[in-house]
Amino acid sequence: MKRICLYIIIGFFLLQITCRAQEYDTWRFINIPDYHNAEGFAKNIPERSKRIQVQTEQFKEMKERHGGELIIMPGDCNGGHWYRTKFMKPFKSHPDYAQYSTEEVIQEASRLCYSGLWDIIHDGGYEHFLMAVGDHELGDNPWQKGSEVSKYISTFRQGFANTFTLDENKESRFTQKIGNALPRPVGTIYEHTSNAVQYKNVLFVTLDMFRFDSQDKNLGSQGVINGDIDRKHMEWFESVLSEAQKIPSIQHIVVQSHLPIIYPVRKYASSGMLVDEKESEKILNVLRKYKVDLYLAGEVHMNTVTRDTESDLIQLVARGNNLSNITLIDVEPNMLSISTLNENGDELGSLKIDKSSVKTVIEGEGLLKPIISNGLQIHWSFDEQLDKSNYRSSVEGTFPKKGKHNPILATIQYPCVYLNDGGFNYDYSLICENVKPAMGILGQAAEITESSKLFVLPMGPMSEGYKRTLSCWVRTKAKGRMLILNSGSYWGQGQFFNLSINNGNLEVALRPDIYATTHNQHINDGEWHHLAVVMPDEDATIGELKLFIDGNLIEDKQCAQPDVKVNTSQANWMAVATNIETYKTDLSETMGMKGYVGLLDDFCIWTGALKNTGIKQLYINGLKGKNACNVEVIMHD
């Protein structure tokens, strides 16, 4: 009976969203990517009813506190490892499923998971719900050719569609055209996972951005799946957006998919997958052409807002994770007002997209203040040291207490914090132990000893083959190979991008046997020196990196495997002067690397390439007492 009522409600939803001719008062929808908590509906069957009851109450409470008419969820509502022995064995211990094949287990786990999710949202008071496919809905990345998960991608997609887009007769629930455009990409493998629908004065387009051609064809670093939209899928997408331009009652266009398009984004405890770097501009051009207002994504478990450099498009990558954050979007005829809240009630940020005049005005505060995509994301000036009572994490809502996603956190006893005032904001502050303030080249510096520990809780901004610039001031007399920045990979064996001093020379390493170093320099002479590394082009090689000392480009350098391309792990963690064994590579063992000892000041990471004159400017202004935040450096050509 409940399912029959569900279909009636869905039918009512589709009837409502066809209304095209009336004005609407301000209304609200709620964005919750990466909910993940629906996994329990499939994992622990005896506890399923109780879990549904508990989580329904959570949505009821959200409805009571925040209202809203529609829930939008850009992927990853579950864990999805339903093909793995670790899931299969306990699942098949249930007598009803003892003889199930892997494919049947995936289908049944999908049914249990997704119907449970739909029930808690509907019974929690929300009649309307739009869900996008995430990597976990497809078994979780990566999907390497020949792997077990690659065999079942179609099964995972079908399991998703059976609940969210198909009715009991296996017919699509999305039947209303957008102008003359079909509401879904019929004839493609995405016809039941991508769709378009008008609700009141907003066109919502949900995209399955996980391109899959066949299980025998690798498409990129993730294997047989890549973050992309193929030709026929793209033709459908464009047709919908084109038709929307002709419909007066569509006042805003919102696109949701799981993967961020615009780099960089803040990341926490995530594999960090993005839309393929080589395909992102193609997709952005379509969003620009048809004046999409808001692109909603998830995947990375943190909040980041970016304004496209060539349009008024806003990319909002948000955190949902068991309602630890929620994003409220209020819709008016000429404005979208957005706020993100922590589960403890703190407002983490706000954003307004005001289209009431000829030129769109976009204003953001807190974590919803738009970052500059090639800007200064990390800036540790070391001018102010805080104890943990003065620092709050947007992820934890308080000083982080858990060590699960950063093992140092569980071991430090007397933490202090050096704030990050770069674009990636305070979540990227340095959590430290045994670090003292000292006189620096620019105000205060950090005095680092052999017992010091310094690390960042979220994952770093550098990723794959994107441009970057690192700079800092150092003063040391120590000898040997000393690690300054450790950006080690946590999820897998990918490249790191580490900055070090090797017997007085500036060094950058990608792997123990892949590095570039200056020659005959004397950084460890006890004087202050400015160091900088620039990756000038996308997909540059280790040999093409530019190394600077005291504002001067050092041409005399040595490289091990100079033709290897930089391909930094998309899930890289950051520590300063600290070796961490769980970063997959023990640098003390493989490279004879110990932590940097000395003074460190004005440490910076840009997600763009500074020109040679920009590096010189940093050095000269540093000597005059101006830190990187107070210098308008010259970016790449």
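The values are calculated or read from the model by the stated rules, or taken from the named source; none is laboratory data. Nothing here was measured: the structure is a model prediction, and the numbers come from that model. Every residue, glycine among them, receives a Cβ derived from its backbone with ideal geometry; neighbour counts consider all protein chains shown. Accessible surface areas use protein heavy atoms only, side chains included; no ligands, DNA or RNA. Shrake-Rupley method; radii C 1.70, N 1.55, O 1.52, S 1.80 Å.
Compute for the stretch 565-628: radius of gyration divided by Kirkwood radius, i.e. Rg/Rh, restricted to C-alpha atoms, rounded to two decimals.
We get a ratio of 1.05 for the stretch 565-628.
Can you check what the net charge comes to around LEU587, using other residues whose Cβ is under 10 Å from the Cβ of LEU587 (Lys, Arg +1; Asp, Glu -1)?
-1
Based on the Cα coordinates of the chain, what is the per residue volume of their convex hull in Å³?
Taking the convex hull of the Cα positions in the chain, it is 156 Å³ per residue.
Given 10 °C and 1.306 mPa s, how large is the Stokes-Einstein diffusion coefficient of the stretch 134-231 in µm²/s, with Rh as the Kirkwood radius over Cα pairs?
D, rounded to a whole number, is 111 µm²/s.
Could you please put SER357, SER115 in sequence from largest to smallest accessible area, using a 1.4 Å probe?
SER357, SER115
Over all Cα pairs of the stretch 530-637, how is the pair count split among 5 Å bins, expressed in % and running from 0 up to the last occupied bin?
Reading upward from the zero bin: 2, 10, 17, 19, 22, 18, 9, 3, 0.
Calculate the dipole size of the stretch 497-620 relative to its Cα centre from +1 charges on Lys and Arg beta carbons and -1 charges on Asp and Glu beta carbons; express the result in debye to the nearest 20.
Value, rounded to 20: 140 debye.
Considering only protein heavy atoms, with the full assembly of protein chains and a 1.4 angstrom probe, order GLU39, GLU544 by accessible area, largest first.
My answer, sorted largest first, is GLU544, GLU39.
Quick one: length gained pulling GLU127 to LYS282 fully straight, 0.36 nm per residue minus the C-alpha distance?
In short, 52.3 nm is gained.
Hey, what do the phi angles of the stretch 58-65 turn into as Karplus ³J(HN,Hα) couplings, whole Hz, using 6.51/-1.76/1.60 and θ = phi - 60°, x for Gly and Pro?
Ordered by residue, 3J(HN,Hα) equals 4, 6, 4, 5, 4, 4, 5, 7 Hz.
Highest first, please rank the peptides 172-183, 123-134 by the mean number of other Cβ atoms sitting within 10 Å of their residues.
123-134, 172-183
In whole Å, what is the distance between the alpha-carbon centres of the stretch 552-599 and the stretch 211-268?
Using only Cα atoms, the two centres lie 35 Å from each other.
Can you sort HIS36, HIS252 by 1.4 Å-probe accessible area, starting with the largest?
Per-residue accessible area, sorted high to low, gives HIS36, HIS252.
Place a +1 charge on the Cβ of each Lys and Arg in the chain and a -1 charge on the Cβ of each Asp and Glu, then give the dipole magnitude about the Cα centre in debye, rounded to the nearest 20.
It works out to roughly 500 debye.
Rounded to a whole number, what % of the accessible area of the stretch 467-588 do carbon and sulfur atoms account for, probe 1.4 Å?
42
On full extension of the chain, what length is gained from LYS479 through LEU623, given 0.36 nm per residue of separation minus the C-alpha to C-alpha distance?
Gain on extension, LYS479 to LEU623, equals 49.3 nm.
Any idea how far apart LYS151 and GLU527 come out in nm if each label point goes 7 Å out from Cα toward Cβ?
6.6
Measure nothing fancy, just the Cα-based angle from helix 102-123's long axis to the longest principal axis of the chain, in degrees from 0 to 90, nearest 10.
Tilt of helix 102-123: around 80 degrees.
Using the Karplus curve 6.51 cos²θ - 1.76 cosθ + 1.60 with θ = phi - 60°, work out ³J(HN,Hα) for each residue of the stretch 239-252 in order, rounded to whole Hz, and write x for Gly and Pro.
5, 5, 5, 5, 5, 4, 5, 9, 9, x, 6, 8, 9, 9
Using a 1.4 angstrom probe, figure out how much accessible area the stretch 379-428 has per residue, in square angstrom, rounded to the nearest whole.
47
About the Cα centre, and with charges only on the beta carbon of Lys, Arg (+1) and Asp, Glu (-1), how big is the dipole of the stretch 412-535? Nearest 20 debye, please.
160
Among the DSSP beta bridges whose two residues both lie in the chain, what percent are antiparallel, rounded to the nearest 5?
Of the beta bridges lying entirely in the chain, close to 80 percent run antiparallel.
With the dipole of the chain worked out from charges on the C-beta (+1 for Lys and Arg, -1 for Asp and Glu) around the Cα centre, which of PRO46, CYS416, ASN169 lies farthest toward the positive end?
PRO46
Give the angle, between 0 and 90 degrees and rounded to the nearest 10, that separates the Cα long axis of helix 153-164 from the longest principal axis of the Cα atoms of the chain.
For 153-164 against the chain, the angle is about 50 degrees.
For a quick size check, give me the Cα extents of the stretch 186-234 along its three principal axes, largest first, whole Å.
42, 22, 15
Taking just the alpha-carbon atoms of the stretch 364-420, what radius of gyration and Dmax come out, in angstrom?
Rg, Dmax (Cα atoms, Å): 13.5, 37.
Tell me whether the stretch 48-195 comes out rounded, prolate or oblate; compute the Cα gyration tensor, take square roots of the eigenvalues as a ≥ b ≥ c, and use a/c under 1.5 as the rounded threshold.
It is oblate, given that a/c is not under 1.5 and a/b is not larger than b/c.
If one puts a single equal scatterer on every Cα of the stretch 148-189 and applies the Debye formula without solvent, what log₁₀ I(q)/I(0) results at q = 0.21, 0.24, 0.27 Å⁻¹?
The calculated log intensity ratios at q = 0.21, 0.24, 0.27 Å⁻¹ are -0.77, -0.90, -1.00.
Would you be so kind as to identify which of TRP606, GLY349, PRO400 lies farthest towards the positive end of the dipole of the chain, taking Lys and Arg as +1 and Asp and Glu as -1 on Cβ and the Cα centre as origin?
Farthest along the dipole direction, towards plus: PRO400.
Calculated from DSSP H runs of 4 or more alone, at -39500 (n - 2.57) each and per residue, what is the 222 nm mean residue ellipticity of the chain, nearest 500?
The per-residue figure over the chain is -6000 deg cm²/dmol.
Looking at the square roots a ≥ b ≥ c of the eigenvalues of the Cα gyration tensor of the stretch 305-399, which shape do they give, rounded for a/c under 1.5, prolate if a/b is larger than b/c, or oblate?
Oblate, because a/c is 1.5 or more while a/b does not exceed b/c.
Reported to two decimal places, what Rg/Rh ratio describes the stretch 427-586 when computed on Cα atoms with Rh from the Kirkwood expression?
Result for the stretch 427-586 is an Rg/Rh of 0.94.
Against the longest alpha carbon principal axis of the chain, how many degrees, from 0 to 90 and to the nearest 10, is the axis of helix 2-16 turned?
Here the helix axis deviates by roughly 80 degrees.
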